[in-house]
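Bear in mind these aren't lab numbers, they're just calculated from the coordinates by the rules spelled out. Everything numeric here is computed off the predicted structure, so don't read it as measured data. Cβ placement follows ideal geometry from the backbone for every residue including glycine, while neighbour counts extend to all protein chains displayed.
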Amino acid sequence: MDVKTDPVDEAKAIVEAYLERSMVPDPEGAATFVSKDFQLTFTGGRRFSGPAESSAFNAKRYAWVKKKFLRTDAALDSRTGDVHVYNTGYLYGEWKDGTGFETNRYMDKFVVRGGKIVATDVWNDSAEILLHKAGLAEAEL
């Protein structure tokens with residue numbers, strides 16, 4: 001009997017495993033879940049080619065940071081076979097100045113193809129929070 005794996009469930013598991021490794025941080029472990037031509041785009045349009053680059057960027061902004069997953073949703077593109085995965089929740093951790101945070105919203109979008117993550121787009125509230133801390137916010141948070 002040939003048991004087929006649901007590509008949507010498989011893609012969600014790949015994304016969550018990648019995020020878990022990224023939070024350690026373990027960029028080498030996270031890299032095992034991405035394709036050779038992986039593209040990662042952070043808030044503000046910053047582009048990275050792999051988990052090591054994004055971990056280095058995060059190390060400049062945060063003393064430490066983790067994600068509290070609220071949900072992971074996914075949809076199969078039947079035309080291409082790609083699975084689009086969305087993971088949302090809250091960032092929590094500590095800024096470089098030692099101030100803690102726990103309600104920094106995030107939303108990550110992934111494209112999984114052939115069992116590997118080929119693209120990720122990352123959005124979060126960090127820039128707005130930092131602008132507020134610096135007295136540069138245009139409105140109260």
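Annotations for the structure displayed:
- Estimated [θ] at 222 nm from DSSP helical runs (n ≥ 4, -39500 (n - 2.57)) normalised by residues in the chain, nearest 500: -8500 deg cm²/dmol
- Trypsin sites (Lys or Arg not before Pro) within the stretch 27-75, DSSP loop, no more than 12 other Cβ atoms inside 10 Å: Arg46
- About the Cα centre, charge dipole magnitude for the chain (Lys/Arg +1, Asp/Glu -1 at Cβ), debye: 240 debye
- Net charge of neighbours whose Cβ lies under 14 Å from the Cβ of Asn124, counting Lys and Arg as +1 and Asp and Glu as -1: +2
- Total formal charge among the other residues, if their Cβ is under 15 angstrom from that of Phe69, Lys/Arg +1 and Asp/Glu -1: +3
- The fewest-to-most ranking of Met23, Met107 by surrounding Cβ atoms within 10 Å reads Met107, Met23.
- Calculated P(r) tail over 20 Å for the chain, as whole % of Cα pairs: 48 percent
- Pairs exceeding 24 Å between alpha-carbon atoms, taken from Lys12/Lys96; Lys66/Lys109; Lys36/Lys96; Lys66/Lys133; Lys68/Lys109: Lys12/Lys96; Lys36/Lys96.
- This ranking places Val83, Val65 by how few other beta-carbon atoms lie within 10 Å of each, fewest first, which gives Val65, Val83.
- Sites matching GluC sites (Glu not before Pro) across the stretch 55-141 that sit in DSSP coil, with at most 11 neighbouring C-beta atoms within 10 Å: Glu138, Glu140
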